[in-house]
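In what follows, a single structure is set out as structure tokens and then discussed.
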Amino acid sequence: MESRQVPVIVVFSHIIGLPIIRTLGKEGIPIVAVHYQDNEFSQYSKYVSRRYKMTSPLIDEAKFIEELSSLSGDYKGALLVPADDSAVIPLSKYKNKLAAYFKVAVNDWEIANVCIEKQKTYELAEELSIPCPQTAFCNSLEHLPELSKEFSFPFLLKPSQSHLFFRLFKKKAFVINNEDDLLFYSGLLNKFNLSFVLQEIIPGPPSNGVNYNSYMINHVPVAEFTAQKIRIDPPFFGSPRVIVSRKIPEIIEPGRKLLAALNYEGFSCVEFKKDQRDQAYKLMEINARPNLSGALAVRAGINFPLIMYEHLVKGNILASNSFIENIYWIDLQKDLYRFFTSKKIEGISFSDYIRPYKEKHIFAVLSLSDPGPFRHRTWLLLKELLFGKT
């Protein structure tokens with residue numbers, strides 16, 4: 001190879017993979033993008049040296065692993081980085097096999113599975129006395145009527161595995177306002193053979209949602225970063241479209257406690273939401289992979305992708321806990337779309353809406369020096385808006 005740097009293979013080339021591609025690409029590290037579909041726009045970054053389309057592990061996990069292993073001929077010793085839960089699962093399950101060819105940036109399956117499966121996540125939190133939303137787990141429709149009696153309307157109907165649900169419905173949860181909603185949506189989930197959970201709605205605006213990001217080595221955090229959600233997509237129950245770097249000391253100890261109990265290694269993003277009723281931060285989920293707003297920490301001074309690379313490839317430890325507050329991460333395309341379609345129901349004033357744009361900020365996808373991903377994503381969003389497809 002032309003470069004002496006060990007390559008990085010980013011598995012799943014959507015928005016989560018983009019900060020990894022750009023951050024490490026700027027360091028001169030060769031980047032290989034693995035994608036399942038052509039709409040994964042991060043593969044069009046100028047930092048990507050090679051692209052490979054592979055079978056989605058959601059369709060055929062064994063074939064995906066076989067195709068991924070075949071890259072070892074050209075990229076033996078490369079660092080594999082999952083950029084989605086659909087990639088975390090097979091990389092973790094087959095970690096021992098893949099480790100014969102690559103360095104693999106995932107935890108062992110018994111650890112990753114606790115993060116993927118909501119029931120295991122909340123059971124661990126309960127053991128550690130970390131507050132969680134009221135939650136009931138349901139594997140069969142016949143148990144649903146009895147379980148629903150424990151909840152007051154409205155409440156949430158969520159999947160046990162978020163990534164499978166989001167692929168199907170493009171949202172994180174269904175809001176259940178009455179018995180008719182419950183019967184309809186539970187039947188829909190049952191049709192797709194998905195187990196699900198009933199969960200109370202934690203009262204409070206999107207800004208009550210916060211993230212604890214860290215990189216653990218030998219169960220010790222060598223880098224920590226916290227951020228506060230400002231606006232989400234879809235509104236009220238979705239993923240961040242605007243988020244700000246902010247010191248939130250209340251979530252550091254519960255975040256550390258969870259990861260230590262798991263014997264977790266590497267990067268994770270632990271999400272909490274502050275409950276307006278008792279002011280307690282309630283655990284929402286643990287992401288065992290890079291997070292959506294990964295570019296924010298880098299812009300604020302904590303370069304998690306480089307910390308990961310230096311640790312797993314070179315054995316170096318780059319400790320970093322100091323970061324700049326009040327830097328905004330903005331998903332420009334989604335935020336503009338919601339400005340025209342949802343500003344009224346969100347109750348956001350114009351001055352509040354434009355504040356992140358007036359302050360120091362970084363865009364999720366838009367980059368004048370690397371325009372390919374933004375251009376491709378814009379075209380995909382326009383096709384979806386005009387023709388209902390991507």
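The values are calculated or read from the model by the stated rules, or taken from the named source; none is laboratory data. Since the structure is predicted, the reported quantities are computational estimates derived from the model, not experimental observations. Neighbour counts are summed over all protein chains in view; Cβ atoms, including those assigned to glycine, are modelled from backbone coordinates with ideal geometry.
Which residue out of Leu68, Leu147, Leu58 is within 28 Å of Gly372 (Cβ to Cβ), modelled with pLDDT under 95 and surrounded by 13 or more Cβ atoms within 10 Å (Cβ to Cβ)?
Testing whether each residue is within 28 Å of Gly372 (Cβ to Cβ), modelled with pLDDT under 95 and surrounded by 13 or more Cβ atoms within 10 Å (Cβ to Cβ) leaves just Leu58.
On the stretch given as the stretch 202-217, residues that are in a loop (DSSP other than H, G, I, E, B) and touching a residue at least 12 places away in the same chain (Cβ under 8 Å) total 3.
Scanning the stretch 103-144 for residues being small (Gly, Ala, Ser) and either at pLDDT below 95 or touching an Asp or Glu at 6+ places or on another chain (Cβ under 7 Å) (or both) gives a total of 2.
Only one residue in Ser320, Ser349 is surrounded by fewer than 12 Cβ atoms within 10 Å (Cβ to Cβ), farther than 24 Å from Leu168 by Cα, in the same structural domain as Gln228 (by TED's automatic domain parsing) and at pLDDT below 95, so which one is that?
Ser349
Looking only at the stretch 234-292, count every residue that is part of a loop (DSSP other than H, G, I, E, B) and more than 24 Å from Ile307 (Cβ to Cβ) and tell me the total. Break it down stepwise before answering.
First, the residues of the stretch 234-292 that are part of a loop (DSSP other than H, G, I, E, B): 234-238, 246-248, 263-265, 275-280, 288-292.
Pick out the ones that are also more than 24 Å from Ile307 (Cβ to Cβ) and you get 234-238, 275-280.
Of the residues in that region, 11 qualify.
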